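Visitor: Before I ask anything, let me first share the structure, which is written out below as structure tokens.
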Amino acid sequence: MLPFDPATLDPEEIGEHRAVLEMDHDEAIEHVRAVFTDAGFGVPVEFSPSEMLNEKVDADRDPYYVLGACNPRMADRALDASDKKLGALFPCNVVVWEKSPGRQVVYHVSIMKIARLSGIAPDDDTMADIIADTGDLVSEAWEHLDAA
């Protein structure tokens, strides 16, 4: 049993962001990558779970793509603040899935907030500052998502 009811969480508590882009899937991936890079993130990891699942288990999944975004300064601070444990959640994933042809959902949650809620990271001023700084970078990216 979880120590809290996830259904009672406000999306803000986990840093949830969601947007819908009116473009094809590959164009949306390129756009999201560019927006997050412009906001100060690198994308060291990316892959298509849908391609893998369709190939390996004939899942017949619609396009779904994961961009693993990382801001090195924030990652370094978070590792120190969490006694290195937060690395288990790296990188900060942004996912793009095809809701329907020409319509893509972009989704992200804050690993920093989730780490604090779960006890992986401390609930202290240092972590609060990291969460605020990371949140500012994600907000900057999100503000530019619709500028397609």
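The values are calculated or read from the model by the stated rules, or taken from the named source; none is laboratory data. Small disclaimer: the values here were computed from a predicted structure and weren't measured. Here the Cβ positions follow ideal geometry from the backbone for every residue, glycine too, while neighbour counts run over all protein chains shown. For accessibility, only protein heavy atoms count, side chains too; no ligands or nucleic acids. Shrake-Rupley method; radii C 1.70, N 1.55, O 1.52, S 1.80 Å.
Visitor: Taking only protein heavy atoms into account and a 1.4 Å probe, give the accessible area per residue of the chain in Å².
Guide: Roughly 58 Å² per residue, with all protein chains present.
Visitor: Which residues in segment 120-148 have a backbone N closer than 12 Å to a point placed 7 Å from the Cα of A19 along the Cα-to-Cβ line?
Guide: What the label zone holds, given the 12 Å backbone N cut-off, is 138-148.
Visitor: Could you give the length gained by full extension between D60 and S118, i.e. 0.36 nm per residue of separation minus their alpha carbon distance, to one decimal place?
Guide: Gain on extension, D60 to S118, equals 17.5 nm.
Visitor: Given springs between every Cα pair under 10 Å in a Gaussian network model of the chain, which of D38, D136, D125 has the largest fluctuation?
Guide: Fluctuation is largest for D125.
Visitor: Would you work out what percent of the accessible area of the chain, with all protein chains in place, is carbon or sulfur (probe 1.4 Å)?
Guide: Exposed carbon and sulfur together represent 51 percent of the surface.
Visitor: Using 0.36 nm per residue, how much length does the chain from E140 to D83 gain when fully extended, once their Cα-Cα distance is taken away?
Guide: 17.7 nm
Visitor: Just to be sure I understand: with springs between alpha-carbon atoms less than 10 Å apart, which residue in N93, N71, N54 has the highest mean-square fluctuation in the Gaussian network model of the chain?
Guide: Looking only at N93, N71, N54, the biggest GNM fluctuation is shown by N54.
Visitor: If you don't mind, another one. Extension gain F47-R103, at 0.36 nm per residue separation less the Cα-Cα distance, in nm?
Guide: 18.2 nm
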